[in-house]
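Just below is one structure, and these are the notes that go with it.
Taken together, the values in this text are just the output of simple stated rules run on the coordinates, not laboratory data. All values reported here derive from a predicted model rather than from experimental measurement. Please note: Cβ atoms are built from the backbone with ideal geometry, for glycine as well, and neighbour counts cover all protein chains shown.
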2 protein chains.
Amino acid sequence: MIRHQDDHLIHCQRCQDQLQYLINEVKDHHITRGSLLKLVEHETESSVPARAVGASILPTPFPKARYDEAIELQQAYCELYMRVASDPDWLYKVLEPLKNHDRFFDVLWEVYEKVREAGAVQNVVCCVFRNDYMIHQPPDQSEAELKQVEMNTFSCAGAAHAERIANVHKHLARVRDCETGPSSSSSTALPSNGNVSSIVDMLQTAHTIYTSRNPTPHQKCILITVQPFNFNVADERPIELALWDANIPCYRVEWRTLVSHTTLTSDHTLLFKPPFGSAEREVSVLYYRGGYVIEEYKPSGRELRIRLEISRAIKCPDILTHLAGFKTVQAALTESGALERFLPDQPENVQRIRRTFMHMQALDTTPRGRHFRATATYEPCSLNQPAVHMPSQPSDPGGGGWVLKPNRDGGGHNVYRAAILPFLRSQPEEGWGKYTMMQMIEPPATEGTLMASEGLYHGAVISELGVLGTCVWERKEGGGVGVVMNEVGGWTFKTKPVGVDEMSVVKGFGCFDCPMLAD
Amino acid sequence: MIRHQDDHLIHCQRCQDQLQYLINEVKDHHITRGSLLKLVEHETESSVPARAVGASILPTPFPKARYDEAIELQQAYCELYMRVASDPDWLYKVLEPLKNHDRFFDVLWEVYEKVREAGAVQNVVCCVFRNDYMIHQPPDQSEAELKQVEMNTFSCAGAAHAERIANVHKHLARVRDCETGPSSSSSTALPSNGNVSSIVDMLQTAHTIYTSRNPTPHQKCILITVQPFNFNVADERPIELALWDANIPCYRVEWRTLVSHTTLTSDHTLLFKPPFGSAEREVSVLYYRGGYVIEEYKPSGRELRIRLEISRAIKCPDILTHLAGFKTVQAALTESGALERFLPDQPENVQRIRRTFMHMQALDTTPRGRHFRATATYEPCSLNQPAVHMPSQPSDPGGGGWVLKPNRDGGGHNVYRAAILPFLRSQPEEGWGKYTMMQMIEPPATEGTLMASEGLYHGAVISELGVLGTCVWERKEGGGVGVVMNEVGGWTFKTKPVGVDEMSVVKGFGCFDCPMLAD
């Protein structure tokens, strides 16, 4: 029995039947296509139970013009980040306030410094960027704006899950179309998704570059580094399999066992011991799907990361690109002149990118940072109407509130609205600089039907569009970037009930979904 | 830690590491490819947990010559069964002793009689046959013989699971080959598997025949009838999806809800109400994946089956082909002259097929049946050396014993060796005719590594090869068969520890596997 958000039953029996049909379809497709998370805690030596990822039952409307805008912007956005990630001086200037306050920054920057001291032997980098957006449309605003949530540069997850759920919706829309004829919810309103093949194309491009430039006797291979006790194998394995199908050997190695499985030669070649053969293989590309939490770096993880980074293997992505994904960097790019620094030749793109920014600022000790600190600690309005305190943006009428973000990936770490003030008060003020404050996006609610492990939900929902960029570039001597590949690699689309702040499907917030593009 | 059957550890650390690598691979592939069974008892309205099917960790050796023999025999075997299933008089003669003793026969034969009375309007039939074999090689026999276990004609399961596990082994062999170079365990020693596309090709062929011969205004569709609370969706869904990909609408309907979802017109057209559209669709092909247990026929299942069978839809398979899968029929085909009756034009195939037969006889009241009854109830040797009592086969040296089989599908119903005598004594003697006694095949044990839900097993194993035949045929006026399609559709391969009698992966006996063909 499906209940509406307001606990009203869906009264029409035919609608109930159709929803039940769709629910059964989605459940079975989860099992058949592997839209699953491993229940690692229940794994035994011989069995591996799994549960379904959260998924929508019906595609959720999303304005086509904004979807198109996000797709069209992606290459400029990726070029921006490729250039940011190739400008260590600017990055250090931006990130330096984190020093001694943000442990993860300290670890990664130390890795970078060790790499610089050792002398980088690989100037080619690749990355799967995922640029997350929501629609911003406060109640009194007629125009739906595309606003950036964040740019993910490291170990972006969800690509394979997103593709599978998109394909389920494409299939179910095909079934509907076949019966009822084309309509506004036709399968043609659902964009195609080729996430996995895009990522594979990019890794293959990097592999080919490495192989052609390093004609050593060693056979080459790609390594995917993963977390131990990994529940998200169904998101990673399709990439590995597709690489083998393209005749590229690809091995997945747990972060903690990388030390015993690899050696670094004196000329910085990274060698891998494969499970069966006696001959070591040379690692062409190192694709990180682990190494994004501080716990992975102590005690020996830092040395491991240094070994990997100073190797000749092409990193997906390298340490600087990892650092470029910090929220602090995202905030710095909203500052006057920042975009122009990196895209001096693209004034139109600068304007278009800037239009996607929300107000955002690291709580550092710069004048602007101090102003945001004052905003964050202005009690009377509990941060629900802070914009009136910002001279530069006096007229923000939305009052959607603010969110405080640490430089951490993976969801579940943000602090919202009225919780910010007590949270900051619980932290030493000299460490506030590691937090970035961002005006909250106010998405217009649409209607959706979601199937999460906690239950079915039918009612008001909001969605987040992530656009994948698959890029390969070469750092030039003396700065600058030579772009080898810059493709729109696909998309992820996640939907959650209105009122849920976080968005991480694997952690139980939100569901994978498919946008139904509408005018 | 992997233990050998004799509880010896596998001592070589490298071997242990490689096995652990393979186990992790197989587990992850299970989740990623959907080699899963739905845990129906734990299903909620919004979640659907699943567990992995049993699978081997390494391919299991199987003699290439016997594999080739099974493949080469398949078309003749299928032609035999197509002809058997088109000879109701012979079938009735063979099955008549079951009357009033085998409830399932009574139901199905009544269905057949109602269909005959109503007048069949569809003379095209299709079927996925699965011919199961084991290798017979008693200890003192040098030659490995191919022996038939049974011919399945109705609702054969496991095709998609078999294909997925075969592909996992192909992939893992590719990984090994890539590291160590070709060897006797190379991926080339593993046969390819295209089960799903073969079944889909057959259904598509039948659909095309129906559509071309019935140019009605109704849109056509294929129906798959399934059991409720179905745990094996991952075996069925790929077929349905592939049909949609071939632009053939295909719906899956639970057996018990078929009544409300279909109507039969006065001209025997079967119409289906699709979930979304208002226009009914005409069923071209009815693919049974349910309806194989007596419980499904009471109280209303019999009327439903009659409605389906008298419809114009092409049945996969029809009632007579269903009946042709009875063990009683299999035993009757071992009788002198039976093969010659159906394959009078193929003396060579008759010989080849007969060589695959084990001694087998329904415990009916014919002279031969009475002889087998005497054998079955000869106490001193508890059926372990019964062959000495068979004048026609006095020299059976194997002493592998006997198995008693009811006319039921799905595993778990057989009675083995010494258990036969007390079992028969517990049954009224007039009903013994519904059981078929078969000399047990004595497969030579090979070594295997299995991952079933109960645990890992490394040790002596035996395997069963199932060969799929995908067939479409037309019954001719006055008897006879016009074969439209008779293809070797692929194979299943299941392996179990020595000492386990039953073979049903979904019920926990045995594991899906891939043969490693060896000289």
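Observations on the structure shown:
- Per residue of peptide A:19-32, the mean number of Cβ atoms on other chains within 10 Å of the residue Cβ is 6.
- Between segment B:51-124 and segment A:24-102, the alpha-carbon center distance in angstrom: 50
- Highest-first packing order for the peptide set A:322-331, A:351-360 is A:322-331, A:351-360, based on the mean count of other beta carbon atoms within 10 Å.
- Long hydrophobic helices in chain B, taken as whole DSSP H segments with a C-alpha length of 24 Å or more on their own axis and mean Kyte-Doolittle hydropathy at least 0.0: B:195-213.
- Distance-filtered residues of segment A:184-217 - backbone nitrogen under 13 Å, label point 7 angstrom along B:Ala279 Cα→Cβ: none
- Spatial extent of chain B: Rg and Dmax, with the Cα atoms as the point set, Å: 23.2, 72
- Placing R0 at 56 angstrom, the Cβ-Cβ distance between A:Ser192 and A:Gln427 gives a FRET efficiency of 0.80 after rounding to 0.05.
- As a ratio to 2.2 N^0.38 Å, the alpha-carbon radius of gyration computed for segment A:291-374 takes the value 1.43.
- In order along segment B:251-266, phi translates into HN-Hα couplings of 10, 10, 10, 5, 2, 6, 9, 4, 4, 7, 9, 10, 9, 10, 7, 5 Hz, rounded to whole numbers, per the Karplus curve 6.51 cos²θ - 1.76 cosθ + 1.60 with θ = phi - 60° and x for Gly and Pro.
- Amide hydrogen neighbours beyond the local backbone of A:Leu36, cut-off 5 Å, H modeled: A:Val53
- Segment B:264-325-segment B:185-241 distance, computed between alpha-carbon centres (Å): 16
- Measuring max minus min along each principal axis, the C-alpha atoms of the protein assembly as shown give extents of 106, 67, 46 Å (largest first).
- The value of relative contact order for segment B:111-242, using C-alpha pairs under 8 Å at least six residues apart, is 22 percent.
- Nearest-0.05 FRET efficiency for B:Arg354 and B:His268, computed from C-beta distance (R0 35 Å): 0.30
- Shape category assigned to segment B:247-289 from the gyration tensor of Cα positions, a/c cut at 1.5: rounded
- Order of B:Thr321, A:Thr470 under a 10 Å beta carbon neighbour criterion, fewest first: B:Thr321, A:Thr470
- For A:Asn123, label point 7 Å along C-beta direction: distances to other copies, nm: 7.9
- Annotation: amide H-H contacts under 5 Å for A:Ala362 (H modelled 1.01 Å from N, sequence separation of 5 or more, or interchain): A:Met437.
- In this simple spin-label approximation, B:Val500 and B:Lys476 carry label points 7 Å from Cα along the Cα→Cβ vector, and these lie 4.7 nm apart.
- Each of the peptides B:413-422, A:311-320 was scored by the mean count of other Cβ atoms within 10 Å over its residues; in descending order, highest first, they stand as A:311-320, B:413-422.
- Column: log10 I(q)/I(0), Debye, Cα scatterers of segment B:394-495, q = 0.25 Å⁻¹: -1.27
- Vicinal HN-Hα couplings computed from phi for segment A:439-451 (Karplus, 6.51 cos²θ - 1.76 cosθ + 1.60; Hz; Gly/Pro x): 5, 6, 6, 10, x, x, 6, 10, 9, x, 10, 10, 10
- Take each residue of peptide A:38-49, count the partner chain Cβ atoms within 10 Å of its Cβ, and average: the result is 6.
- Position A:Pro299: other-copy label points at 7.6 nm, ordered by increasing distance, label point 7 Å along Cα→C-beta.
- In order along segment B:424-432, the Karplus-derived 3J(HN,Hα) couplings, from 6.51 cos²θ - 1.76 cosθ + 1.60 at θ = phi - 60°, round to 4, 4, 7, 10, x, 5, 5, x, 4 Hz, and Gly and Pro are given as x.
- Nearest-20 debye value, chain A charge dipole, Cβ charges on Lys, Arg, Asp, Glu: 700
- Straight-distance candidates among the lysines for linking to B:Lys93, with alpha-carbon spacing under 22 Å and chain neighbours fewer than 8 residues away dropped: B:Lys114, B:Lys327, B:Lys405, B:Lys434, B:Lys476.
- Net dipole in debye of the protein assembly as shown [+1 Lys, Arg Cβ; -1 Asp, Glu Cβ; about Cα centre; nearest 20]: 300
- Estimated from the Cβ-Cβ distance and a Förster radius of 30 angstrom, the FRET efficiency linking A:Ala65 and A:Val40 is about 0.10.
- Extension gain, B:Ala118 back to B:Glu447 (0.36 nm per residue minus Cα-Cα distance, nm): 113.0 nm
- Take each residue of peptide A:224-233, count the partner chain Cβ atoms within 10 Å of its Cβ, and average: the result is 1.
- Residue exposure sequence - A:Cys178, B:Cys221 - by fewest surrounding Cβ within 10 Å: A:Cys178, B:Cys221
- Database remark: amide H of B:Glu150 closer than 5 angstrom to the amide H of B:Asp132 (H placed geometrically; neighbours at sequence offset of 5 or more, or on other chains; Pro and chain starts carry no H).
- Note on chain B: helix-only mean residue ellipticity at 222 nm, from DSSP H runs of 4+ residues weighted -39500 (n - 2.57) and normalised by residue number, equals -10500 deg cm²/dmol.
- Using a simple spin-label model with pseudo-atoms 7 Å out from Cα toward Cβ, B:Ser183 and B:Trp244 lie 4.3 nm apart.
- Paramagnetic label zone (point 7 Å from Cα along Cα-to-C-beta, B:Asp89; backbone N under 13 Å) in segment B:452-490: B:478-480
- Antiparallel bridges, percent of DSSP beta bridges restricted to chain A (to nearest 5): 75
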